[in-house]
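Rule-based calculations on the coordinates, nothing more; no lab input. Quick caveat, the model's predicted, so the values are computed rather than measured. Neighbour counts run over all protein chains shown; Cβ positions are idealised from the backbone, glycine included.
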Amino acid sequence: MHRHELTDEQWSVVEPLIPRSKARTGRPPSDRRLMLNGLFWILATGAPWRDLPERFGPWQTVYDHFRKWRKSGLFATVIDALQIKLDNRGLIDWELWCVDGAIVRAARAAAGADKKVSPGTRMNRPTTRWAAAEAGLGRSSTWLLTARALRSPSK
């Protein structure tokens, strides 16, 4: 097994969540585990898709799986399932919040500076995640699950 690849134990947890190809004609379906391992290699190394090692198959195939899975919401489903599993074991501390500041970019306005807009530009009020949740909009990340669980009752 190479770096950045799933162990057999990890794969056994994730495998039921990844859909199998339903195609009955044409080429045999790609190995889902190999496609996921190729995706993890790209994410861990930050390399361009074209630099994907040949052991994962053609880079275009791995990219197509990534694009299809992202569009279908598979990654959010996997994260939700893993969070539920860990929460059931009591391994998630919902009071602890960690943000890696090395990769979070803040706008100048985050430090209190005014935004760069001309005085005549109309500004909409910012939409908060709470307002989006109250409006019944679908969640865009697992953050909303956490926010709903921790929100204090205000009504």
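Can you tell me the FRET efficiency between L6 and W94 if r is taken as the Cβ-Cβ distance and R0 is 35 Å, rounded to the nearest 0.05?
Details: r = 27 Å, r/R0 = 0.76.
E(calc), rounded to 0.05, equals 0.85.
If I take R0 = 22 Å and measure r between the Cβ atoms of A81 and R33 in this structure, what FRET efficiency does the formula 1/(1 + (r/R0)^6) give, to the nearest 0.05? Could the numbers behind the result be given before it?
Working: r = 17 Å, r/R0 = 0.77.
After rounding to 0.05, the efficiency reads 0.85.
Tell me, in nm to one decimal, what length is gained between T45 and V14 on full extension, where the rule is 0.36 nm per residue of separation less the Cα-Cα distance?
Details: separation 31, 0.36 × 31 = 11.16 nm, distance 2.16 nm.
Extending this stretch completely gives an extra 9.0 nm.
Per-residue HN-Hα couplings for the range 41-49, Karplus 6.51 cos²θ - 1.76 cosθ + 1.60 at θ = phi - 60°, whole Hz, x for Gly and Pro?
Taking θ as phi minus 60°, the curve returns 4, 4, 5, 6, 8, x, 6, x, 4 Hz for the range 41-49.
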